[in-house]
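K.L.:
Sharing a structure, written as structure tokens. Questions coming.
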Amino acid sequence: MYVAKLVNDLPPSGIRAFFDLVMGMKDVVSLGVGEPDFVTPWHIREKAIYSLEQGYTSYTSNKGMPELRKDICASLKHRYGLDYHWDNELLITVGGSEALDLACRALLEPGEKVIIHEPCFVAYAPLVKLAGGVPVPLITTEEDGFKVTPEKLEKCWQKGTKAFLLNYPCNPTGTSYTRSELLALAKVAKKRDMIVLSDEIYDELTYDFDHTPFATLPDMKERVIYLNGFSKSYAMTGWRLGWAAGNEKILAAMTKIHQYQVMCASITSQMAGREAVNHGRPDVLAMKKEYNRRRNFIVASLNELGLDCHMPQGAFYAFPSIKSLKMSSIDFAKDLLEQQKVALVPGGAFGSQCGDHVRISYASSYDNLREAVSRIGVYLKARHGKKR
Amino acid sequence: MDEILDILINDARTPAEDIAKMVKKPVAAVKKAIKKYEEDGTIVQYKAVVNPELAEGLSAPVRALIEVSITPQKDVGFDAVAERIYSFTEVSSCYLVSGSYDLLLIVEGKSIQTVAEFVSSKLSPMENVRQTTTHFLLKKYKEEGKIFKQPARSKRLNISY
């Protein structure tokens, strides 16, 4: 055995084989993509090209370019009234995932527990484990709109719980929270003295109410590690640019790991990031408008087809139930891919209890969505026909 | 602007049923709104934006941008002269603009000669037209927000978390 036990014991992604199947197939209409279908707006790309022409090819400060940090803090102040000091309460990272990894490693003693809701993004539990922590699943259900409730949070708490992780709007369910719902969770966090790892990477894509950052709730700023980035808001996934904001001491610890691990985020991405923060607002609003229409379209269409789907409040995912088909989500996904060449992600990828849901990404053109809906319709009709 | 119009401006083929889902309104209400727009002239026309370089067998018209300086008339200003000009079928668009000339026309014809003929025999001799400058269009790069290039294949992976 040449691989460390900790790594060896990480479960391999159960649906890797399914992903390979999708990758190998041509002419697939894909609803399986976890990133925007927009290309990064031209003015942002142009800024990056210009920075290369000007010779910006060096390292930056470990924490990230001071100008970018100041820009982000100014934007947080402007949008949410949040006061973070640019120099010691904010860190620029290589994507949101690095920020979460740093937070886990900076916080967790071996064996300390982190409550993580399920369904959730695939990387959370492995990152906690790699940092020596123990993930404690909190199962959210369709009946609750896949929300973490204060009762469930309280129930999941046990001695040795250091933090709870909340991703909202949520990948894969699209669930988000109103201010009063968050206040109820904040109460439990305070009572049980938990750090809140708040992954708000989809914050700009909240459709039905204003997004409330967890750190804006009373007494929460010191307790929250606020994770965010450029990937989803500005369609910049490939630039790998994220950030974390929070308590000075924790941020200093995270910076220590970050400087040994990656030195700094790419300067080209940081230059592009400045342009995005300072001039990207209209792009964000235009993309949000488009996503909102697609959301309404896809959810109404899925329900029409008989796949029960709650209305997601944010991100760009619908998470319909396939219970009525009486088959597992992985079988459904494979079958649909083979019969109709439509790709989606089986719910099992996002949690042990999600086997009767699938994730449908509407970060895809209206024409694609229409085609996919029509193909799913054909598939379901044929299947119902067969059963009779 | 009304969301229904916004959707149609972007893609005029969007069926009323789909628009209804997008804006969370009954199909009948959407159909009624569209009908009203058509009747009151808000929606003028539905047409395809075509890339002439790719449209086989389509004899692409020659197009020219023509700057026209005119002498405005008492009481009616530019409008009366503009009307005389835009009433020619050769004129596909006509705008009153600020700057060093007054009207900007887009004129279409079968060939350079046809457009030249229009300018020399119809436009320039008009009483209130002082001067014209004709620019023939050589290549369309972008029109109506659409770029005239084969769309690049998406570079995203087909599936990701």
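K.L.:
Could we say that B:Ile112 is within 14 Å of chain A (Cβ to nearest Cβ), surrounded by 11 or more Cβ atoms within 10 Å (Cβ to Cβ) and not charged (D, E, K, R) here?
P.N.:
Criteria not met by B:Ile112.
K.L.:
Out of the residues in region A:348-388 meeting the condition of being in contact with a Gly (Cβ under 6 Å, 6 or more places away or on another chain) and at pLDDT below 95, tell me which one is farthest from A:Tyr124 (Cα to Cα).
P.N.:
Ranking the qualifying residues of region A:348-388, first place goes to A:Gly355.
K.L.:
Quick one: would you say B:Val68 is of a type outside the set (D, E, K, R) and over 21 Å from B:Lys140 (Cβ atoms)?
P.N.:
yes
So that you can scan it fast, the table gives a plain yes or no per residue for (1) acidic (Asp, Glu); (2) buried (at least 16 other Cβ atoms within 10 Å of the Cβ); (3) in contact with a Ser or Thr (Cβ under 7 Å, 6 or more places away or on another chain); (4) without any contact (Cβ under 8 Å) to a residue 40 or more places away in the chain:
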residue	(1), (2), (3), (4)
A:Tyr59	no, no, no, no
A:Met65	no, yes, no, no
A:Leu91	no, yes, yes, no
A:Ala99	no, yes, yes, no
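K.L.:
So if I check each of A:Leu166, A:Leu197, A:Leu183, which one is at pLDDT 95 or above, surrounded by fewer than 22 Cβ atoms within 10 Å (Cβ to Cβ) and either not in a loop (DSSP other than H, G, I, E, B) or not aromatic (Phe, Trp, Tyr) (or both)?
P.N.:
Step by step, each of A:Leu166, A:Leu197, A:Leu183 is checked, and only A:Leu183 is at pLDDT 95 or above, surrounded by fewer than 22 Cβ atoms within 10 Å (Cβ to Cβ) and either not in a loop (DSSP other than H, G, I, E, B) or not aromatic (Phe, Trp, Tyr) (or both).
Per-residue answers, yes or no, for (1) under 24 Å from B:Ala12 (Cα atoms); (2) among the hydroxyl-bearing types (Ser, Thr, Tyr); (3) free of Cβ contacts under 8 Å to residues at least 24 places away in the same chain:
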residue	(1), (2), (3)
B:Ala64	no, no, no
B:Phe78	no, no, no
B:Tyr86	no, yes, yes
B:Leu96	no, no, yes
B:Tyr101	no, yes, no
B:Val119	no, no, no
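K.L.:
Further question on the same structure: Report whether or not A:Ser75 is part of a helix (DSSP H, G or I) and in contact with a helix residue (DSSP H, G or I) (Cβ under 6 Å, 6 or more places away or on another chain).
P.N.:
The answer is yes for A:Ser75.
K.L.:
So which residues in region A:320-331 are touching an Asp or Glu at 6+ places or on another chain (Cβ under 9 Å), part of a helix (DSSP H, G or I) and either within 12 Å of A:Ile15 (Cβ to Cβ) or aliphatic (A, V, I, L, M) (or both), if there are any at all?
P.N.:
A:Leu325, A:Ser329
K.L.:
Right, next: If I filter region B:2-18 for residues that are closer than 26 Å to B:Tyr95 by Cα, touching a Ser or Thr at 6+ places or on another chain (Cβ under 6 Å) and of a type in the set (A, V, I, L, M), do I get at least one hit?
P.N.:
There is at least one residue in region B:2-18 that is closer than 26 Å to B:Tyr95 by Cα, touching a Ser or Thr at 6+ places or on another chain (Cβ under 6 Å) and of a type in the set (A, V, I, L, M).
K.L.:
Can you tell me which of A:Ala265, A:Ala253 is part of a loop (DSSP other than H, G, I, E, B), aliphatic (A, V, I, L, M) and modelled with pLDDT of 95 or more?
P.N.:
Sole residue among the options that is part of a loop (DSSP other than H, G, I, E, B), aliphatic (A, V, I, L, M) and modelled with pLDDT of 95 or more: A:Ala265.
K.L.:
Answer yes or no as to whether A:Glu112 is out of contact with any Leu (no Cβ under 7 Å at 6 or more places or on another chain), in contact (Cβ under 8 Å) with a residue 40 or more places away in the chain and of a type in the set (D, E, K, R).
P.N.:
Against the criterion (out of contact with any Leu (no Cβ under 7 Å at 6 or more places or on another chain), in contact (Cβ under 8 Å) with a residue 40 or more places away in the chain and of a type in the set (D, E, K, R)), A:Glu112 qualifies.
K.L.:
Just checking, does region A:229-242 include any residue being under 15 Å from A:His117 (Cα atoms) and either in contact with a Ser or Thr (Cβ under 7 Å, 6 or more places away or on another chain) or at pLDDT below 95 (or both)?
P.N.:
No.
K.L.:
A further question follows. For A:Val378, which of the numbered conditions (1) of a type in the set (A, V, I, L, M); (2) within 19 Å of A:Phe297 (Cα to Cα); (3) within 13 Å of chain B (Cβ to nearest Cβ) fails to hold?
P.N.:
So the condition that A:Val378 fails would be (3).
K.L.:
Within region A:296-354, can you find the residues that are at positive phi, within 13 Å of chain B (Cβ to nearest Cβ) and of a type in the set (Lys, Arg)?
P.N.:
Within region A:296-354, just A:Lys341 meets the criteria.
K.L.:
Right, another one. Looking at (1) under 17 Å from A:Asp37 (Cα atoms); (2) more than 13 Å from chain B (Cβ to nearest Cβ); (3) buried (at least 19 other Cβ atoms within 10 Å of the Cβ), which is the only condition A:Val284 fails?
P.N.:
Only one criterion is unmet by A:Val284, namely (3).
K.L.:
Please work out which residue is surrounded by the most Cβ atoms within 10 Å (Cβ to Cβ), limiting yourself to region A:344-367 and to residues that are in contact (Cβ under 8 Å) with a residue 40 or more places away in the chain and over 20 Å from the mean Cα position of the chain (by Cα).
P.N.:
A:Tyr366
K.L.:
Restricting the search to region B:23-57, which residues are among the hydrophobic types (A, V, I, L, M, F, W, C) and within 14 Å of another protein chain (Cβ to nearest Cβ)?
P.N.:
Within region B:23-57, B:Val23, B:Val27, B:Val30 qualify.
K.L.:
In region B:137-161, which residue that is touching a residue at least 24 places away in the same chain (Cβ under 8 Å) and either among the β-branched types (Val, Ile, Thr) or surrounded by 14 or more Cβ atoms within 10 Å (Cβ to Cβ) (or both) is farthest from B:Asp6 (Cα to Cα)?
P.N.:
B:Lys140
K.L.:
Would you point out the residue of region B:135-151, among those that are of a type in the set (A, V, I, L, M, F, W, C) and under 20 Å from B:Asn10 (Cβ atoms), that is farthest from the other protein chains (Cβ to nearest Cβ)?
P.N.:
B:Phe148
K.L.:
What number of residues in region A:112-123 are within 11 Å of chain B (Cβ to nearest Cβ) and either surrounded by 24 or more Cβ atoms within 10 Å (Cβ to Cβ) or of a type outside the set (A, V, I, L, M, F, W, C) (or both)?
P.N.:
Number of matching residues: 1.
K.L.:
Among the residues of region B:43-57 satisfying the criterion of being surrounded by 13 or more Cβ atoms within 10 Å (Cβ to Cβ) and free of Cβ contacts under 8 Å to residues at least 40 places away in the same chain, which is nearest to A:Glu304 (Cα to Cα)?
P.N.:
Once the filter is applied, the top-ranked residue is B:Ile43.
K.L.:
Can you tell me which residue among A:Pro172, A:Pro126 is within 14 Å of another protein chain (Cβ to nearest Cβ), out of contact with any Leu (no Cβ under 8 Å at 6 or more places or on another chain) and either in a helix (DSSP H, G or I) or at pLDDT 95 or above (or both)?
P.N.:
A:Pro172
K.L.:
Run down B:Ala20, B:Ala64, B:Ala60, B:Ala12 and say which single residue is surrounded by 11 or more Cβ atoms within 10 Å (Cβ to Cβ), within 14 Å of chain A (Cβ to nearest Cβ), out of contact with any Lys or Arg (no Cβ under 7 Å at 6 or more places or on another chain) and not in a helix (DSSP H, G or I).
P.N.:
Checking each option against the conditions leaves just B:Ala12.
K.L.:
Turning to a different aspect of this structure: Enumerate the pairs (first residue in region A:277-301 and aliphatic (A, V, I, L, M); second residue anywhere and part of a helix (DSSP H, G or I)) with beta-carbon separation below 7 Å, excluding pairs fewer than 6 apart on the same chain, so at least 6 apart or on different chains.
P.N.:
A:Val277/A:Asp71; A:Val277/A:Ile72; A:Val277/A:Ser75; A:Ile298/A:Leu369; A:Ala300/B:Lys21
The values are calculated or read from the model by the stated rules, or taken from the named source; none is laboratory data. Since the structure is predicted, the reported quantities are computational estimates derived from the model, not experimental observations. Counting neighbours? That spans all protein chains shown, and the Cβs are built from the backbone with ideal geometry, glycine included.
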